[in-house]
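Taken together, the values in this text are just the output of simple stated rules run on the coordinates, not laboratory data. Remember, predicted model here, so these are calculated numbers, not experimental data. Every residue, glycine among them, receives a Cβ derived from its backbone with ideal geometry; neighbour counts consider all protein chains shown.
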Amino acid sequence: QVQLVESGGGLVQPGGSLRLSCAASGSISSFSTMGWYRQAPGKQRELVALVMSSGTTKYVEPVAGRFTISRDNAKNSLFLQMDNLKPDDTAVYYCHVPYTTYWGQGTQVTVSS
């Protein structure tokens, strides 16, 4: 069983940046895909970005060009660099290993002036 712990959320003004981190309690090298998801108030949880073990990345359209997902297998960590943040990015952000029950507890990101 792998535990995932997110950090790096906070309050930021529109146009600002945040870097989220997800630390795993064990090795992530065997996970072919890892991802970031988010859930805004009153909405369903949704995919934000995926990164494969090959380094290939995929983004949903609203964040493409603003967010960058990366992973460091040596440090058992997943990252999400978020730039040019918008109020619509306000949500709880979760890291997840698709097709498993591995979810973090989430970190709150609030974009507001």
_Need the full-extension length gain, residue 113 to residue 39, defined as separation in residues times 0.36 nm minus the C-alpha distance. One decimal, nm._
24.6 nm
_Summed residue charge, Cβ within 11 Å of residue 40's Cβ, Lys/Arg positive, Asp/Glu negative_ = 0
*Assigning unit charges at the beta carbon (Lys, Arg +1; Asp, Glu -1) and nothing else, what dipole magnitude in debye, to the nearest 20, does the chain show about its Cα centre?*
60 debye
_Tell me the net charge near residue 82. Cut-off is 14 Å between Cβ atoms, residue 82 excluded, with +1 for each Lys or Arg and -1 for each Asp or Glu._
0
*Difference of contour (0.36 nm per residue) and Cα-Cα distance, residue 75 to residue 23*: 17.9 nm
*From the backbone phi of region 85-96, what are the Karplus-calculated ³J(HN,Hα) couplings (6.51 cos²θ - 1.76 cosθ + 1.60, θ = phi - 60°) in whole Hz, Gly and Pro given as x?*
5, 10, x, 5, 7, 4, 4, 8, 9, 10, 9, 7
